[in-house]
Amino acid sequence: MWDRSWSPTRSYLRNHDHETDVNYTLEMCRWLLKPIGVWTLIYHRASNLERAVSMLLQVACFSCLLFIILPSANNIFFVEKDIQVKVKLLGPVGFCMFSAVKYCYIGAKGKILGRCIQHVEKDWRTVDEQGHRAIMLKHASVSRHLITVCIIFLYTGGMSYHTVVQFLSKATRRQNVTARPLTYPCFNFLDVQSTPTYEIVFFLHCAAAMIMYTVTSAAYSLAATFVMHICGQIQIQIVRLENLIGGHREKDGFHERMAVIVRDHVQILRFSKDVEEALREVCLTEIVESTLIICMLEYYCMMEWSNSDAIAILTYFTLLISFTFNILIFCYIGEILSEQCSRMGAASYNIRWYNLPAKKAYNLVLLSAISLYPPKLTAGKIIELSLNTFGVVLRTSVIYLNLLRTVTTW
């Protein structure tokens, strides 16, 4: 093996466009995390004023979520007797509760998420070749596109449910025209049909909906950004391995170039561990939430189909696609993380190692061995996120759907 005491320094600036590149990579995360007051818990260079504003936003956001959860839970468990109405409320209220849990977890993991942000910034500052920078930009672009699709589906279906469906669905039109609809139950001591109480409550419900969808999108954006960044770094190491033997860089020395590959690979593995630790609880919440919410949305689509309510069907179906797509991408990025990291072993084997002296060829053995145990993205260290997990989620939601239909027909 080579001399382990050799440790090249890469702390100095190599990419003079790093500020633009970092902004491009983290822009979507910042846009989603700032409105809910979490960005300052993650970003280490926030001012005191920004931190104070963030605290106010956190209090306001959590108060809006509680404004839905508390009266709705009371209505479901103690007031409402009709099982159909309870089931109708269970989906949106459950989503609100899961969003509150994810909100708390993201805030609690601010320190380790901040460490991940710093790692991303360091990688952009120290990238030293335009080819490597192009690889990182390509993966950053992929993460931005995935986040954009997630936001479009989630906000379109979600805000349609809170606005269009409440006023234009058949169930609303059949009611007395003097009763103004609300998405969620409210406290009994409020006269929600009077002005301006109705307008205030309706606004708070819509604001809470925006918070819920922002929290979900923010969790998704963090996972997509970090995992795609890891994939970009792995791709760079594979390119370095392919250029390790021969070519115009032979004069740089095999041991020095091999040391750079191993050192950066170790940093990638440590970064992967931090990402998994930061997101494991959020991923577990997302798995449970998606299983239950997909089940509820399937049930709502079937019920509205029997009622021939086209507006409600379209809204619920859009939300169904959104939640299915979200959990698919969560599972996909977990799958691609393991698959990309395991490619290091294949890349180290496919180079012309047989032309090397035996002592140099031995250096590739440890790299191949480590690649046999790639990092994994897990849900609470219980469920490994993969495409197989996505299939399990869908099958479980169908099982719960059959159970729900049985219960509601008693």
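The values are calculated or read from the model by the stated rules, or taken from the named source; none is laboratory data. Here the structure is a predicted model, which is why all the values come from computation and not from measurement. Neighbour counts run over all protein chains shown; Cβ positions are idealised from the backbone, glycine included. Heavy atoms of the whole protein, side chains included, go into the accessibility calculation; ligands, DNA and RNA do not. Shrake-Rupley method; radii C 1.70, N 1.55, O 1.52, S 1.80 Å.
Brief remarks on what is shown
- Annotation note: of THR25, THR40, the sole residue that is in contact with an Asp or Glu (Cβ under 8 Å, 6 or more places away or on another chain), assigned to a helix (DSSP H, G or I) and either open to solvent by 10 Å² or more (accessible area, probe 1.4 Å) or over 30 Å from PHE187 (Cα atoms) (or both) is THR40.
- Enumeration of residues in the range 278-308 that are open to solvent by 20 Å² or more (accessible area, probe 1.4 Å) and among the β-branched types (Val, Ile, Thr): VAL288
- Flag if ILE230 is of a type outside the set (Asp, Glu), more than 30 Å from TYR161 (Cβ to Cβ), open to solvent by less than 20 Å² (accessible area, probe 1.4 Å) and part of a helix (DSSP H, G or I): yes
- Residue-level check: of (1) in contact with a helix residue (DSSP H, G or I) (Cβ under 6 Å, 6 or more places away or on another chain); (2) of a type in the set (A, V, I, L, M); (3) open to solvent by 10 Å² or more (accessible area, probe 1.4 Å), VAL275 misses just (3).
- Scanning the range 233-246 for residues that are without any contact (Cβ under 8 Å) to a residue 24 or more places away in the chain and open to solvent by less than 10 Å² (accessible area, probe 1.4 Å) yields nothing.
- Those helices (runs of 4 or more DSSP H) lying entirely in the range 291-410 with at least 2 residues under 17 Å from the mean Cα position of the chain (by Cα) and among the small types (Gly, Ala, Ser): 310-350
- All conditions in (1) of a type in the set (Ser, Thr, Tyr); (2) assigned to a helix (DSSP H, G or I); (3) crowded, with 20+ Cβ neighbours inside 10 Å hold for SER160, with the sole exception of (3).
- Restricting CYS116, CYS150, CYS186 to those that are part of a loop (DSSP other than H, G, I, E, B), modelled with pLDDT of 85 or more and open to solvent by less than 50 Å² (accessible area, probe 1.4 Å) reduces the list to CYS186.
- Test: residue in the range 355-366 that is of a type in the set (Gly, Ala, Ser), at pLDDT below 90 and surrounded by fewer than 20 Cβ atoms within 10 Å (Cβ to Cβ): yes
- From the list THR216, THR225, the lone residue that is among the hydroxyl-bearing types (Ser, Thr, Tyr), closer than 30 Å to ARG257 by Cβ and crowded, with 24+ Cβ neighbours inside 10 Å is THR225.
- Flag for SER54 being open to solvent by less than 50 Å² (accessible area, probe 1.4 Å) and small (Gly, Ala, Ser): yes
- Failed criterion for CYS61 (all others in (1) open to solvent by 20 Å² or more (accessible area, probe 1.4 Å); (2) over 20 Å from ASP274 (Cβ atoms) hold): (1)
- Meets criteria (buried (at least 16 other Cβ atoms within 10 Å of the Cβ) and at pLDDT below 85) for ILE383: no
- Here the range 389-407 is the region considered, the condition is being touching a residue at least 12 places away in the same chain (Cβ under 8 Å) and open to solvent by 80 Å² or more (accessible area, probe 1.4 Å), and the residue that is farthest from ILE106 (Cα to Cα) is ARG405.
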